[in-house]
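A short worksheet on the structure shown next.
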């Protein structure tokens with residue numbers, strides 16, 4: 001018997017329950033017009049994911065329950081599978097329900113509550129322990145929610161209970177290569193259990209998290225027979241015959257390194273700006289590679305008319321930096337203005353001269369320049385209602401190569417989880433679409449231009465050395481001795497690690513940024529500021 005299942009890969013907004021409800025009802029009506037028998041939404045679609053501590057609010061939980069009743073009342077002639085937080089007997093459950101002609105015919109509580117990385121579900125929810133099946137057109141379907149299918153045995157448990165198709169509601173965030181991991185892990189279980197699975201994931205940006213969608217259908221041998229496009233909303237219809245997928249739309253391309261990260265960053269900026277009610281974005285354009293990439297990302301996310309660039313040269317800014325910044329702004333069609341910072345720097349210098357008398361110049365004077373720029377940009381941001389995008393990357397954030405209340409000042413940091421080497425790759429990719437970043441910006445040595453003839457490598461190891469060390473120490477938690485064993489120099493390792501360890505206080509004060517790796521600074525890497533831990537080692541410790 002034929003069964004048509006609609007996959008609703010949608011971009012929900014956390015806590016905008018009215019908007020989410022309207023989206024759900026519109027998708028239901030669209031799926032019904034396409035003769036779908038059932039439509040499946042993503043995890044906690046009514047509230048958006050993750051709602052975090054809003055889940056402690058009784059009014060929030062009540063509003064979600066009222067929205068569910070509104071949806072149930074309007075659903076006729078098609079089954080609807082949706083997720084929401086349900087309060088019952090002093091416990092809160094992450095549930096999936098099946099609505100049919102004004103009734104709830106099945107209700108499932110998430111069994112496996114993830115409590116690692118970016119997930120804190122055990123903080124909020126009570127785990128269920130039951131398998132839930134329901135019948136539609138003589139086909140037995142099972143409900144699962146996200147982490148459930150990552151646990152060995154749950155798919156097989158449903159098959160043994162009589163399920164012929166697994167429905168999985170998900171809110172699985174993106175990081176590099178995550179979609180491959182999802183499909184591989186699930187495929188191994190489907191091969192063992194010989195049962196097909198419908199995987200529906202949400203899409204969109206939610207603060208630092210990005211959800212890529214990439215919803216898919218796999219047959220009973222784990223082969224993906226349908227995949228939705230990444231980073232876009234899509235309502236897809238897959239037909240099953242005798243519980244086997246037989247009619248699918250085209251399979252969208254899988255994750256592609258650099259290209260997928262670029263799409264993630266664009267979506268992250270777009271959703272952060274619009275979901276928070278900003279009028280657009282503004283940033284300081286220096287003529288360097290980081291700000292050039294952020295400008296291109298912002299324009300691709302919002303449109304040139306919503307983005308403004310500000311050039312703020314100092315006495316140390318090289319003429320080619322101003323020239324390159326102008327070229328970038330003009331190539332992307334954004335409005336820009338030039339505000340020299342020298343008058344402000346001189347005013348602060350004069351004010352502090354009596355206090356600094358007899359002291360040698362150091363990074364204090366460099367930081368004053370960066371902070372003058374921060375004040376100017378924040379003033380423009382406030383006046384225009386535009387989000388100030390900072391341009392620092394993960395390499396700089398890792399080692400503290402940034403100025404508090406200066407270049408770190410702003411509302412959102414698109415490159416916070418992007419290492420410097422990837423910044424270059426992303427810039428090259430963007431230029432392959434249309435040349436907007438001058439080649440000289442990509443090829444010249446990076447510099448903060450806060451001192452004469454300054455280069456990043458005067459203060460840091462070369463990025464080709466630094467980035468791999470940072471990745472191993474920050475994302476893989478490798479100790480210095482193991483990094484040394486992989487062929488890196490002890491001096492470079494200790495230099496990088498010492499900088500990482502002592503700059504947690506800076507990172508804690510930085511704006512939120514888009515997570516594209518498996519271990520970003522923020523919710524999934526929580527280190528104390530006050531700490532006696534030191535990761536550096538000396539030769540004696542190795543003997």
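Suppose we keep only residues that are closer than 30 Å to residue 393 by Cβ and at pLDDT below 95 within segment 222-254. Which one would you say is surrounded by the fewest Cβ atoms within 10 Å (Cβ to Cβ)?
First, the residues of segment 222-254 that are closer than 30 Å to residue 393 by Cβ: 229-233, 252-254.
Imposing the further condition that a residue be at pLDDT below 95 reduces the set to 252-254.
Numbers: 252: 17, 253: 12, 254: 15.
It comes out as 253.
Determine which single condition residue 102 fails, assuming it passes every other condition in (1) free of Cβ contacts under 8 Å to residues at least 60 places away in the same chain; (2) closer than 21 Å to residue 48 by Cα.
Looking at each condition in turn, residue 102 falls short on (2).
Of the residues 151, 122, 164, which is in the same structural domain as residue 46 (by TED's automatic domain parsing) and crowded, with 17+ Cβ neighbours inside 10 Å?
Values: 151 fails: crowded, with 17+ Cβ neighbours inside 10 Å; 122 fails: crowded, with 17+ Cβ neighbours inside 10 Å.
None of the other options fit; the residue is 164.
When residue 475 is evaluated against the numbered criteria (1) within 20 Å of residue 177 (Cβ to Cβ); (2) in the same structural domain as residue 410 (by TED's automatic domain parsing), which criterion, by number, is the only one it fails?
(2)
Among the residues of segment 525-534, are any under 23 Å from residue 116 (Cβ atoms) and in contact (Cβ under 8 Å) with a residue 40 or more places away in the chain? Let's see the steps before the verdict.
Residues of segment 525-534 that are under 23 Å from residue 116 (Cβ atoms), as a first pass: 525-529, 531, 533.
If we keep only those that are in contact (Cβ under 8 Å) with a residue 40 or more places away in the chain too, we end up with 525.
Yes, the conditions are met somewhere in segment 525-534.
Residue check: is residue 355 touching a helix residue (DSSP H, G or I) at 6+ places or on another chain (Cβ under 6 Å), surrounded by fewer than 21 Cβ atoms within 10 Å (Cβ to Cβ) and farther than 27 Å from residue 424 by Cβ? Step through it out loud before you land on a result.
On the way: touching a helix residue (DSSP H, G or I) at 6+ places or on another chain (Cβ under 6 Å): no; surrounded by fewer than 21 Cβ atoms within 10 Å (Cβ to Cβ): yes; farther than 27 Å from residue 424 by Cβ: yes.
Answer is no for this residue.
Restricting attention to segment 488-512, report how many residues are under 25 Å from the mean Cα position of the chain (by Cα) and either assigned to a loop (DSSP other than H, G, I, E, B) or without any contact (Cβ under 8 Å) to a residue 12 or more places away in the chain (or both).
Here the count works out to 5.
Quick check: anything in segment 29-47 out of contact with any strand residue (DSSP E or B) (no Cβ under 7 Å at 6 or more places or on another chain) and under 27 Å from residue 113 (Cα atoms)?
No: zero hits.
Looking at segment 203-256, what strands (runs of 3 or more DSSP E) fall wholly within it and have at least 2 residues that are in contact with a helix residue (DSSP H, G or I) (Cβ under 9 Å, 6 or more places away or on another chain)? Don't jump to the end; show me each part of the working.
Details: elements: 203-206, 209-212, 216-218, 224-227, 234-241, 244-247.
Counting at least 2 such residues, we get 203-206, 209-212, 216-218, 224-227, 234-241.
Can you tell me how many residues in segment 386-434 are more than 22 Å from the chain's Cα centre (by Cα), closer than 20 Å to residue 457 by Cα and in a helix (DSSP H, G or I)?
0
Show the residue pairs meeting these rules: Cβ distance below 8 Å; 6+ apart or different chains; first residue within segment 242-254 and under 15 Å from residue 5 (Cα atoms); second residue modelled with pLDDT under 90 and loosely packed, with under 15 Cβ neighbours inside 10 Å.
These pairs meet every condition: 242/1.
Is there a residue in segment 449-456 that is assigned by TED's automatic domain parsing to the domain that holds residue 372, in a loop (DSSP other than H, G, I, E, B) and modelled with pLDDT of 95 or more?
No, every residue in segment 449-456 fails to be assigned by TED's automatic domain parsing to the domain that holds residue 372, in a loop (DSSP other than H, G, I, E, B) and modelled with pLDDT of 95 or more.
The values are calculated or read from the model by the stated rules, or taken from the named source; none is laboratory data. No experiment lies behind these values; they were computed from the predicted model shown. All Cβ positions, glycine included, derive from the backbone under ideal geometry; neighbour counts span all protein chains shown.
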